[in-house]
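**Student:** Pasting a structure below so you can have a look.
The values are calculated or read from the model by the stated rules, or taken from the named source; none is laboratory data. Predicted, not measured: the structure shown is a model, and the values here were computed from it. All Cβ positions, glycine included, derive from the backbone under ideal geometry; neighbour counts span all protein chains shown. Note: areas computed on protein heavy atoms with side chains; ligands, DNA, RNA excluded. Shrake-Rupley method; radii C 1.70, N 1.55, O 1.52, S 1.80 Å.
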Amino acid sequence: KKGEITDFSKDTMLINGQGNTLPLEGAVAPIRNRMGEVIGAVLVFRDVSQARALESQLSWQANHDPLTGLINRSAFDHKLEQLLAPTREEKQNHALCYLDLDQFKAVNDHCGHLAGDELLRQLSLLLSQRIRESDTLARLGGDEFGLILTHCPIAMAQQITEELCQLVREFRFVWQEKIFSVGVSIGLVEINDECESMEKLLSAADAACYAAKERGRNRVQLYKPDDTNFIKLHGELQWVTRIHKAFDENRFRLYYQPIVPLHAPLDSEPHYEVLLRLIDTQGRLVPPVSFIPAAERYQLMSAIDRWVL
């Protein structure tokens, strides 16, 4: 306002004699005479280029994977959440994909993590070059990627993901004169106005990706909510989360029952069978038949064995 001290806007830029722009912060203060009339102004400003660059760098690091340069899980989830509201209101069609590399562990085991990191960098660049500018590719962790195909009918999404699958299938990774072929299993889910929540979308994509692996790997699997196999997978995936939480909260319990032979001498040593149970969040006992199948399918049995021992 006129006659008052005014701070500079954060959008203020100075163009120097070389044509370079510098971001500024500062203030303008009035100079008054003895009568209180404004007869001039004092301009104070400072160059905040380094502070803005550091702020930008920290923001980038918070939202990107440092290895591949792709956005990370947190930023990916945020983009997906932002997409849902207009999808419901305007009846838009998009697609969500989970990509899980096949044979990635073989590269890590044979050549080490440096080779695995280089493979992830090369595949990230390869996939980024084959999707549209409007799409979003993210590294979710390990050898898992997420992909949002915006304004994309499911038939087109299937075509795009099949092409990506073929692209990875034909890719050859060379490391120290060794040549590796890899594949990718892709779970595909339609995003439409009937989607209830981001959590259910992510769970459906995860289940579809597991189904692609179970059905031979290196393929695309479209999620079908009325498919009994997917209903079963959903139940097992929920148990995976519950088992991890039970580990964190120490909610496994051991029971035992005596093994008594029908004909045994009186001085025979006693024998027992050890039984595993899980306590749910309501304090109820859960029999092993409820959670052991999921633990076996998703490689959690060794962790349970270690806990028992």
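**Student:** Before I look further, what does the chain give for accessible area per residue, probe 1.4 Å, in whole square angstrom?
**Tutor:** 62 Å²
**Student:** Place a +1 charge on the Cβ of each Lys and Arg in the range 244-309 and a -1 charge on the Cβ of each Asp and Glu, then give the dipole magnitude about the Cα centre in debye, rounded to the nearest 20.
**Tutor:** With only Lys, Arg, Asp and Glu charged at Cβ, the dipole is about 340 debye.
**Student:** As a quick test, which of the pairs 91/245; 178/213; 79/213; 178/224; 79/178; 91/213 have an alpha carbon distance above 29 angstrom in this structure?
**Tutor:** 91/245; 178/224; 79/178; 91/213
**Student:** Just reorder 68, 21 by solvent-accessible area, largest first, 1.4 Å probe, all chains present.
**Tutor:** Listed by decreasing accessible area, they come as 21, 68.
**Student:** I need the phi-derived Karplus couplings for the range 101-118: 6.51 cos²θ - 1.76 cosθ + 1.60, θ = phi - 60°, integer Hz, Gly and Pro marked x.
**Tutor:** So the Karplus estimates, Gly and Pro as x, are 5, 9, 6, 5, 4, 4, 5, 4, 5, 7, 10, x, 6, 4, 5, x, 5, 5 Hz.
**Student:** Moving on. Work out, step by step, the length gained on full extension between residue 277 and residue 297: first 0.36 nm times the residue separation, then minus their alpha carbon distance; give nm to one decimal.
**Tutor:** The residue 277-residue 297 span can extend by a further 5.4 nm.
**Student:** What net charge is computed for the residues neighbouring residue 200, neighbours being all others with C-beta under 11 Å from the C-beta of residue 200, Lys and Arg scored +1, Asp and Glu -1?
**Tutor:** Residues close to residue 200 contribute a combined charge of -4.
**Student:** Go through (i) 54, 29, 22; (ii) 29, 25, 19; (iii) 37, 22, 20 and flag the label whose value is the computed semi-axes √(5λ) of the Cα gyration tensor in Å for this structure.
**Tutor:** Among (i) 54, 29, 22; (ii) 29, 25, 19; (iii) 37, 22, 20, the one calculated here is (i).
**Student:** Another question, if that's okay. For the range 90-231, give me the percentage of DSSP beta bridges that are antiparallel, rounded to the nearest 5 percent.
**Tutor:** 90 percent
**Student:** Per DSSP H run of at least 4 residues, take -39500 (n - 2.57); add these up for the chain, divide by its residues and hand me the 222 nm value, nearest 500 deg cm²/dmol.
**Tutor:** -14000 deg cm²/dmol
**Student:** So how far apart, in nm, are the two label points at residue 62 and residue 106 if each is 7 Å from Cα heading toward Cβ?
**Tutor:** Placing both labels 7 Å along Cα→Cβ, they lie 4.2 nm apart.
**Student:** Hey, any idea what % of the chain's accessible area is carbon plus sulfur with a 1.4 Å probe?
**Tutor:** Carbon and sulfur together cover 53 percent of it.
**Student:** Let me ask something else. How long is the gain from residue 232 to residue 289 if the chain were fully straight, where each residue apart is worth 0.36 nm and the alpha carbon distance is subtracted?
**Tutor:** Full extension of this stretch gives 19.1 nm more.
**Student:** Could you grab the relative contact order for the range 231-307? Cα pairs under 8 Å, six or more apart, rounded to a whole percent.
**Tutor:** Once normalised by length, the contact order is 31 percent.
**Student:** Mind checking which of 67, 247, 12 is farthest towards the positive end of the chain's charge dipole, using Cβ charges of +1 (Lys, Arg) and -1 (Asp, Glu) about the Cα centre?
**Tutor:** 12
**Student:** Place +1 on the Cβ of every Lys and Arg and -1 on the Cβ of every Asp and Glu in the range 70-140, take the dipole about the Cα centre, and give the residue among 97, 127, 87 whose Cα lies farthest towards its positive end.
**Tutor:** 87
**Student:** Under a crude label model (7 Å from the Cα following the beta-carbon direction), how far is residue 75 from residue 245 in nanometres?
**Tutor:** If labels sit at residue 75 and residue 245, their model points lie 3.0 nm apart.
**Student:** Assigning unit charges at the beta carbon (Lys, Arg +1; Asp, Glu -1) and nothing else, what dipole magnitude in debye, to the nearest 20, does the chain show about its Cα centre?
**Tutor:** Charge dipole of the chain: 520 debye, to the nearest 20.
**Student:** I want the antiparallel fraction of DSSP beta bridges within the chain, as a percent rounded to 5.
**Tutor:** 90 percent
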